[in-house]
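One structure below.
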Amino acid sequence: MLSVNLNTVRQEIAAALERSGRTGERVRLVAVTKTVGPKEIAAAAALGLQDFGENRLQEAVPKLRQFPDLRWHFIGHLQSNKAGEVLAGFSLIHSLDRLSLARALQRRAERQDLEAHCLLQLNISGEKSKSGLGEAELPDFLEALSDFPRIRVAGLMTIAPWCEDPEEVRPIFRRLRELQQLHRRPGLALSELSMGMTGDYIVAVEEGATMVRIGSALFGARPAAPQRKK
Ligand SMILES: *Cc1c(COP(=O)(O)O)cnc(C)c1O
């Protein structure tokens, strides 16, 4: 049941904030609706959820059209040739991870007279299969952003590797927060930390998440993704 699930998640977030001395702070709950249909999205909105996340443009387009008043977050890998469409429909892009994409977003934002609100996606674990900037690339990337005045970087995002025991990924979330502290400066507060999914959001909130991206804890397990042929 969505309302029961949502209550559980909200209580867990509140308890984690309390435990980590973040009393009074708030965490934005982004409901991840990949594979979730319009009826459940409407139900989630009726329960007060305002932020929704999708990782594939193609799947997201009809949902954005049907629910234009919700705040949509783009959380998946973004191809540069889709930058314009994503800019037009989404309020925040969590997955800026390379200069070629920054260039595309800047160009499209100029053309559409918009600002591109983004988070920088970092690959802290160094897993080859994951996209994201490496830590070592972050300083140069931040430097280069001055060439892209239409891009507003609100903070950092990471996806931790899946682990049975979420304690194992605590250091990854801690590191994202350290990077935020290291690289923030006047004009670049990096105030948002988008980290934590169903399996690890409690630990992420304890480590300073300001946004968690949660799908299955709200909507139930997704059907398994089709296996890709080798
Ligand atoms: C699917 C997805 C989520 C949500 O995953 P759950 O484990 O179902 O909570 C969060 N972030 C990203 C980037 C995703 O693709």
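Nothing in this text is a laboratory measurement; each read-out follows from the coordinates by a stated rule. These figures come from a predicted structure and were not determined experimentally. Don't worry about glycine lacking a Cβ; one is built from the backbone with ideal geometry, like all the others, and counts go over all protein chains shown.
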Test of understanding: what is the full-extension gain from S129 to H183, defined as 0.36 nm times their sequence separation minus their Cα-Cα distance?
16.9 nm
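How many percent of DSSP beta bridges within the chain run antiparallel, rounded to 5? Spell out each step's value before the answer.
Numbers: 1 of 28 bridges.
So the antiparallel bridges amount to about 5 percent of the total.
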Roughly speaking, what is the centre-to-centre gap between region 61-131 and region 156-230 when only Cα atoms are used, to the nearest Å?
17 Å
Where a ≥ b ≥ c are the square roots of the eigenvalues of the C-alpha gyration tensor, would you call region 112-230 rounded, which needs a/c under 1.5, or, failing that, prolate if a/b is larger than b/c, or oblate?
prolate
According to a simple spin-label model (label point 7 Å from Cα along Cα-to-Cβ), what is the distance in nm between R175 and R107?
3.3 nm
Below 12 Å, Cα to Cα, which aspartates and glutamates can K63 reach? Residues fewer than 8 away in the same chain don't count.
E40, E54
Once the Cβ-Cβ distance between A42 and S191 is put in as r, and R0 is 25 Å, what FRET efficiency do you end up with, to the nearest 0.05?
0.20
Which of the three applies to region 2-219, rounded, prolate or oblate, going by the alpha-carbon gyration tensor with a ≥ b ≥ c and a/c under 1.5 meaning rounded?
oblate
Taking 26 Å as the cut-off for C-alpha to C-alpha distance, list the pairs among K34/K128; K39/K128; K34/K82 that go past it.
K39/K128
Candidate aspartates and glutamates for bridging to K130, where Cα separation is under 12 Å - those fewer than 8 sequence places away on the same chain excluded
D97
